[in-house]
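Step one of this worksheet: look at the structure below.
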Amino acid sequence: MSATPSTSTSTTSALALALAEQFRTVLGTADWELFRSLLTDDATWTLPGSNRISGEARGADAVVERIRLIAGYGVNFELQRVLVSRDNFALSLHNTAERDGLVLDEYLATVCFVRDGRIGAIETYLSDVPGMDAFFV
């Protein structure tokens, strides 16, 4: 029995890795046009909590606006790992920021679901939802 992945599996894994690398570039450069190009028009992004950035952003423009808003709070996106599945990918991040005596120190996994060669949905898992709620009040 061969452990070699099929061509289609290798191709989809390579696509997920390429999208992950482009997402990594976005985090380092704040290239919002590049980020928009990675998304399907109907992309969604779901974040837990009850604060200004929580809930579901629907549509590519809303997803881009969310990451712009987060970056506008001075958040430092420290990418720790890129994780790739057969079809999708996740970014392991450590986000930090300080604003008006409030401190954000959050570990998160941002899971990106790929559809039609682009990111169709994003779901973020957080280590400290109450801390995020306090920071993004």
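Before moving on, here are some points about what is shown:
- Of all residues in segment 11-24 being hydroxyl-bearing (S, T, Y) and surrounded by 14 or more Cβ atoms within 10 Å (Cβ to Cβ), the one that is modelled with the highest pLDDT: S13
Residues are listed down the side, and each one gets a yes or a no for (1) loosely packed, with under 13 Cβ neighbours inside 10 Å; (2) touching a Pro at 6+ places or on another chain (Cβ under 6 Å); (3) of a type in the set (A, V, I, L, M, F, W, C):
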| position | (1), (2), (3) |
| --- | --- |
| L34 | no, no, yes |
| D42 | yes, no, no |
| G55 | no, no, no |
| R58 | no, no, no |
| R99 | yes, no, no |
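- Residue satisfying condition, being without any contact (Cβ under 8 Å) to a residue 12 or more places away in the chain and at positive phi, within set G55, G59, G49: G55
- Looking only at segment 116-137, and only at residues there that are modelled with pLDDT under 95 and not acidic (D, E), the one that is farthest from A60 (Cα to Cα): V137
- Residue tally, condition under 18 Å from E98 (Cα atoms), out of contact with any Lys or Arg (no Cβ under 9 Å at 6 or more places or on another chain) and not aliphatic (A, V, I, L, M), over segment 49-80: 7
- Applying the criterion of being among the acidic types (D, E) and out of contact with any Ser or Thr (no Cβ under 7 Å at 6 or more places or on another chain) to the residues of segment 91-107, the residue that is modelled with the highest pLDDT is E98.
- Qualifying residue in segment 48-55 (condition: of a type outside the set (G, A, S), touching a strand residue (DSSP E or B) at 6+ places or on another chain (Cβ under 8 Å) and modelled with pLDDT of 95 or more): yes
- The set of residues in segment 105-137 being buried (at least 16 other Cβ atoms within 10 Å of the Cβ), farther than 14 Å from F77 by Cβ and free of Cβ contacts under 8 Å to residues at least 24 places away in the same chain consists of V111 alone.
The values are calculated or read from the model by the stated rules, or taken from the named source; none is laboratory data. Computed from a predicted model, the values in this text were never measured in an experiment. Heads up, the Cβs are rebuilt from the backbone with ideal geometry, glycines too, and the neighbour counts pull from every protein chain shown.
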